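K.L.:
I have a structure I would like to understand better, so I am pasting it below and will then ask my questions one at a time.
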Amino acid sequence: MIVIFGSNGYLGSTLYEHLKQDALNVVGVVRENEKNKNEKIDNWIYHDYKNPNRHLMLPENSRVAVNFTGPPAHSFKHKSENQETEIRNTTSAIIRAINQSNIKRVINISSIHIYTAIMDNVLSELTSLNNQNPYAQSHKNKEIQFNKTLKNDIQITNLRLANVFGIPTDYKGDFDNLFINQIVKAQVNGDIYEIRNRKDTMRNFLTRDDFVTLLKKLILSKKFTKSGPLNLGGIDASICEIANYIIELLKTERNIQGGIRFLDQSKTSKNNFKFNCNLAVKNGLSPRNDLKKAILELYDFYNAQC
């Protein structure tokens, strides 16, 4: 059985639904206060992470765990001791439950942003973790917590994930804060989307379909037998390149009337950014990078809501 912690979030719910559709044995674990917020609650476990006297018990046939827990990036406006404590306590409860179960493999979802705030060099699994942003630090601390307190016979992969975008599978929450999603939604409304970042700010983008396909492969793979970090991404591009691609694609395919405007025209002196995912690719985790399909699906999704 596959256990998904945080199965009601944007990425967690997407993976959960696809695993169910593939008839794989999967159970979701969510916070107890989410019980009345979701329509699909089949095969979910509800747990009160804030109650230290409550112990999370996982099904006896659990073998693999995927952890998505943690607040989204946009919620980290500044450093918060309360937020840090809640994340630490939640992670401790999850690790305790895993250690007391029959799980032998854990995939902890981390982030590309753990490396640096400015994407201007090659980022591999050996790159030092220098980003002091509270969101990046929360992922770094979770990685350390898993590495230090999981039982020695449990294999842990800290999956450092690129910027995933696309439509949700069965998620009713806020996913409009994702960069590509924001641009596409603005075009549905015929708006000029204003971008505050520098035009040459670099990012790596991974479609939702690639995310699901590659994570399923990773879950079922026998190739990853050692613990360690793993980069997983798609296409390296500046936000100017990706924004212009979106606009030109939607003008051609959907006859949009909107556009984009960059508020900061400054540029860096050089940029050698590359999100090195060679280890993943070498082990069969190669993305298709079908941006056109993902963006058009996203536009049609938002357009249907108007």
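K.L.:
Being surrounded by fewer than 16 Cβ atoms within 10 Å (Cβ to Cβ) and free of Cβ contacts under 8 Å to residues at least 40 places away in the same chain is the filter; apply it to the range 119-144 and report the residue that is nearest to Asn158 (Cα to Cα).
P.N.:
Residue satisfying both the conditions and the ranking: Ile144.
K.L.:
Which residues, counting only those in the range 48-75, are crowded, with 17+ Cβ neighbours inside 10 Å, at negative phi and either at pLDDT below 90 or not assigned by TED's automatic domain parsing to the domain that holds Ser221 (or both)?
P.N.:
Scanning the range 48-75 gives Tyr49, Ala73.
Residues checked against (1) assigned by TED's automatic domain parsing to the domain that holds Asn147; (2) under 20 Å from the mean Cα position of the chain (by Cα); (3) over 23 Å from Pro287 (Cβ atoms):
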residue: Gln187; (1), (2), (3): no, no, yes
residue: Gly190; (1), (2), (3): no, no, yes
residue: Arg196; (1), (2), (3): no, no, yes
residue: Phe211; (1), (2), (3): yes, yes, no
residue: Ser221; (1), (2), (3): yes, yes, no
residue: Ala243; (1), (2), (3): no, no, no
residue: Ile260; (1), (2), (3): no, no, yes
residue: Ser266; (1), (2), (3): no, no, yes
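K.L.:
Those residues that are under 25 Å from Arg105 (Cβ atoms) and charged (D, E, K, R), I need them from the range 184-225; list them, please.
P.N.:
Correct list: Arg208, Asp209, Asp210, Lys216, Lys217, Lys222, Lys223.
K.L.:
For Asp236, indicate whether it is under 18 Å from Lys293 (Cα atoms), more than 14 Å from the chain's Cα centre (by Cα) and at pLDDT 95 or above.
P.N.:
yes
K.L.:
Sticking with this structure for a sec: Hey, can you tell me all the residues within the range 117-145 that are modelled with pLDDT of 95 or more and among the aliphatic types (A, V, I, L, M)?
P.N.:
Val122, Leu123, Leu126, Leu129, Ile144 - these are the residues of the range 117-145 that are modelled with pLDDT of 95 or more and among the aliphatic types (A, V, I, L, M).
K.L.:
Would you mind stating whether Ile118 is outside any helix (DSSP H, G or I) and touching a Ser or Thr at 6+ places or on another chain (Cβ under 9 Å)?
P.N.:
When the stated conditions are applied, Ile118 passes them.
K.L.:
Ok, one more. Just to be sure I understand, how many residues within the range 128-144 are in contact with a helix residue (DSSP H, G or I) (Cβ under 6 Å, 6 or more places away or on another chain) and within 13 Å of Asn67 (Cα to Cα)?
P.N.:
Result for the range 128-144: 2.
K.L.:
Still on this structure, I have one more. When you check Thr225 against the structure, is it at pLDDT 95 or above and assigned by TED's automatic domain parsing to the domain that holds Glu17, yes or no?
P.N.:
Judged against the criteria, Thr225 is not a match.
K.L.:
Name the strands (runs of 3 or more DSSP E) wholly inside the range 194-299 in which the number of residues that are free of Cβ contacts under 8 Å to residues at least 60 places away in the same chain is 3 or more.
P.N.:
By residue number, 235-238.
K.L.:
Condition (residue is farther than 30 Å from Glu143 by Cα and under 20 Å from the mean Cα position of the chain (by Cα)) applied to the range 272-290: is it met by at least one residue?
P.N.:
Scanning the range 272-290 turns up at least one residue that is farther than 30 Å from Glu143 by Cα and under 20 Å from the mean Cα position of the chain (by Cα).
The values are calculated or read from the model by the stated rules, or taken from the named source; none is laboratory data. Bear in mind that the values here come from a model prediction, so they are computed numbers and not experimental data. Neighbour counts are summed over all protein chains in view; Cβ atoms, including those assigned to glycine, are modelled from backbone coordinates with ideal geometry.
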